[in-house]
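Q: Okay, handing you the structure first.
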Amino acid sequence: RGWGLRKMAAAGAAARVGRGLRSALCYGQPRGSRVGGRLLCPGSCGGGAPAVAVAAASSRPATGEEERYCIELVRKRDYEGFLCSLLLPAESRSSVFALRAFNVELAQIKDSVTQKTIGLMRIEFWRKAVEDIYHDNPPQQPVARELWKAIKRQNLTKKWLMKIIDEREKNLDDRGYRNISELEAYAENTQSSLLYLTLETLGVKDIHADHAASHIGKAQGIVTCLRSTPYHASRGKVFLPLDICMLHNVSQEDFIRHKQEQKVKDVIYDVASQAHIHVEHVSFSSLAEVCIILML
């Protein structure tokens, strides 16, 4: 119910601010044009947002093309992240959209290439781009330039950006996680790192907040793995932890063939329970406001 209320609040705010307006929804396109697209998590992210929602993502009267590009990229590929970003303070919103767009650019590499070599080349582009950004020489690419602006505004930590890049590079190997610890490590280096950077855009530097971000990021990563299982299974791939699958005598074929046996449900339950454990580790009483932001 809480997620539903947040989603309704964000969509309502977007509609009120942007009613009657149309934004240029793609870098370099004129106003009034339309851009199609699909969600990163098919069938699970709630469908497309109205074009007017983009207008709510910035409090400034005129939004630059690069910022609009990032907003629309997040709207199409990370719809939940798009809605949640609308609820952030105006002074942080542009930076968070840049960070989420950066994350989307890296996340979609794996599914957009047929050869690992091509994927490695794209990963290397972003690694060099981050290095150049910290030398005040960003490449002429809209997400990279918005990321450069965010780093200049809030002095974001380079280490977290590099962790995301390095982990996405490892993930190009296209193999399942051997155990739940490998999945947690992946989630820590991607989702948690993104949350650490989000905290920095909010001016939050606190060990307890970082502790919350670590656990919430791991929970998000595990849940994302679960939610994407039907999509990956339709392509003949399964990324659920092998140790839990073996514990219940479940094979990859069981998921690919969409079997509904109890042992398959037990695997899902065990993996989901691990995400729940991470949520329980977060002290909501002492970090209520920060945790609410992170749980978005």
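Q: Shape verdict for segment 138-291, please, from the Cα gyration tensor: rounded (a/c under 1.5), prolate (a/b greater than b/c) or oblate.
A: oblate
Q: Give, as a single signed number, the net charge of other residues whose beta carbon lies under 11 Å from the beta carbon of Glu188, with Lys and Arg counted +1 and Asp and Glu -1.
A: On the way: positive: Lys163, Lys218; negative: Glu167, Glu182, Glu184.
Local charge sum for Glu188: -1.
Q: So which of Lys110/Lys218; Lys110/Lys170; Lys110/Lys259; Lys163/Lys218; Lys128/Lys163; Lys76/Lys237 end up more than 18 Å apart, counting from Cα to Cα?
A: Flagged as over cut-off: Lys110/Lys218; Lys110/Lys259; Lys76/Lys237.
Q: Between Leu87 and His258, how many nm apart are label points set 7 Å from Cα along the C-beta direction?
A: Each label point is offset 7 Å from its Cα along the Cβ direction, giving 3.2 nm.
Q: With a probe of 1.4 Å, find how much accessible area segment 167-274 has per residue, and write the answer as a whole number in Å².
A: Each residue of segment 167-274 exposes 48 Å² on average to a 1.4 Å probe.
Q: Starting from the 7 Å offset along Cα-to-Cβ, what nm value, one decimal, do you get for the label separation of Asp206 and Ile277?
A: Between Asp206 and Ile277, the simple spin-label model gives 2.7 nm.
Q: Using mean Cβ contacts within 10 Å as the protection proxy, how do 101-110, 169-178 order, highest first?
A: 101-110, 169-178
Q: Moving to a separate point now. How large is the convex hull of the C-alpha atoms of segment 227-288 per residue, in Å³? Show your work: numbers first, answer last.
A: On the way: hull volume 5.8 nm³, N = 62.
With only Cα atoms used, segment 227-288 gives 94 Å³ per residue.
The values are calculated or read from the model by the stated rules, or taken from the named source; none is laboratory data. Since the model is a prediction, treat every value here as computed from it, not as a measurement. Because the Cβ atoms are built from the backbone with ideal geometry, glycine has one as well, and the counts that use them run over all protein chains shown. Quick note on the areas: whole protein, heavy atoms, side chains included, nothing else; ligands and nucleic acids left out. Shrake-Rupley method; radii C 1.70, N 1.55, O 1.52, S 1.80 Å.
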